Amino acid sequence: MPELPEVETTRRGLSPLAAGGRIQSVTVRQPQLRWPVPQAVLSLHDQPVLAIERRAKWLIWRLERGSLLWHLGMSGSFRGWLEAPKPGPHDHIDVQIAQGHLIRYTDPRRFGALLWTEADPLTHPRLAGLGPEPFDEAFDGEYLWRLSRGRRAPVKSFIMDGRVVVGVGNIYACESLFLAGIHPGRAAGRIGRQRYQRLAEAIRRILAQAIEVGGTSLRDFTVGDGTPGYFGQSLQAYGREGLACSNCAQPLRRVVIGQRSTFFCPRCQH
């Protein structure tokens, strides 16, 4: 599933293609994604695209009157074309920018979503209850320590909870905990302030690095120009079961936490 760096990479790829332009037309070939595509999106012709923003894993197309909310789901991606080829079976939605690119949304598994709101998109039910962004000033070790008091859930599950902090998916949770030297199964409430500060810094560092190189090269993910992300080449823990730890050479292990594969070093992480 595309995580925060992949969605941010997509936003950066789409922004110069759409922001500042006007929607000429919207074509919906598949009206049933994760939820039904609202009929209102078919009537957005001549609407200016003021900006393309991101909140958690949602892309927000701010228009002059309302906003489109896109979620990539498990396998969604965008491509921009000046001369678009004939759509394939998984090419579900086209947005034609007047005198510009045709932006095509492709989603083989159809777990993505396109929603519409005329209100402030940040108050939409899908976004209103989310925690802070990892790069917000409000997100730091003190915040994590305070919120974790009394919690028995594993720290990996804690930081993957979107009500705590957004955008820390499975891959980046494993990588951040490895960098901070914290065992993923340790109870969130049993970690001190200083260790949470290291973890907050690790989360920001890992996500910033992933954004810089275009996200993780998951099988189904491509950025706006169709090229894959390359952070996968820099993974230190995720997917490396049995391989040597880059710090101590101990074989890395895999366990299941919260129904997700979790990779860690039994010597360096405690």
**Q.** Where A113 falls short, out of the listed (1) over 30 Å from M160 (Cβ atoms); (2) at pLDDT 95 or above
**A.** (1)
Q) List the pairs whose first member sits in the range 99-114 and is outside the structural domain of L59 (by TED's automatic domain parsing), whose second member is of a type in the set (A, V, I, L, M) and in a strand (DSSP E or B), and whose Cβ atoms are under 6 Å apart, counting only residues at least 6 apart or on separate chains? A) none
Q: Would you point out the residue of the range 233-270, among those that are among the hydrophobic types (A, V, I, L, M, F, W, C), touching a helix residue (DSSP H, G or I) at 6+ places or on another chain (Cβ under 9 Å) and in a strand (DSSP E or B), that is surrounded by the fewest Cβ atoms within 10 Å (Cβ to Cβ)?
A: I257
Q.
Being touching a Leu at 6+ places or on another chain (Cβ under 6 Å) and either on the phi < 0 side of the Ramachandran plot or acidic (D, E) (or both) narrows it down to one residue among V41, V26, V7; which is it?
A. V26
Q: Return yes when R104 is surrounded by 16 or more Cβ atoms within 10 Å (Cβ to Cβ) and of a type in the set (D, E, K, R) and no when it is not.
A: yes
Q) If we keep just the residues of the range 166-198 that are within 19 Å of P132 (Cα to Cα) and more than 20 Å from the chain's Cα centre (by Cα), which is surrounded by the fewest Cβ atoms within 10 Å (Cβ to Cβ)? A) R193
Q) For the subset of the range 37-79 comprising residues that are out of contact with any helix residue (DSSP H, G or I) (no Cβ under 6 Å at 6 or more places or on another chain), of a type outside the set (A, V, I, L, M, F, W, C) and closer than 12 Å to E6 by Cα, which member is surrounded by the most Cβ atoms within 10 Å (Cβ to Cβ)? A) G76
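Yes/no per residue for (1) within 25 Å of V7 (Cβ to Cβ); (2) β-branched (V, I, T); (3) in contact with a Gly (Cβ under 9 Å, 6 or more places away or on another chain):
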| site | (1), (2), (3) |
| --- | --- |
| D140 | yes, no, no |
| W145 | no, no, yes |
| G150 | no, no, yes |
| R163 | yes, no, yes |
| G169 | yes, no, no |
| G181 | no, no, no |
| I191 | no, yes, no |
Q. Of the residues G88, G13, G80, G100, which is more than 23 Å from A119 (Cα to Cα) and part of a strand (DSSP E or B)?
A. G80
Q) Can G21 be described as assigned by TED's automatic domain parsing to the domain that holds D94, crowded, with 16+ Cβ neighbours inside 10 Å and on the phi > 0 side of the Ramachandran plot? A) no
Q. Would the range 143-158 turn up any residue that is under 16 Å from R204 (Cβ atoms) and surrounded by fewer than 20 Cβ atoms within 10 Å (Cβ to Cβ)?
A. yes
Q.
Based on this model, can you work out whether R152 counts as in the same structural domain as I191 (by TED's automatic domain parsing), farther than 30 Å from S234 by Cβ and assigned to a loop (DSSP other than H, G, I, E, B)?
A. yes
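The values are calculated or read from the model by the stated rules, or taken from the named source; none is laboratory data. Quantities reported herein were computed from a predicted structural model and do not represent experimental measurements. FYI the Cβ positions are ideal-geometry reconstructions off the backbone, even for glycines, and counts take in every protein chain you see.
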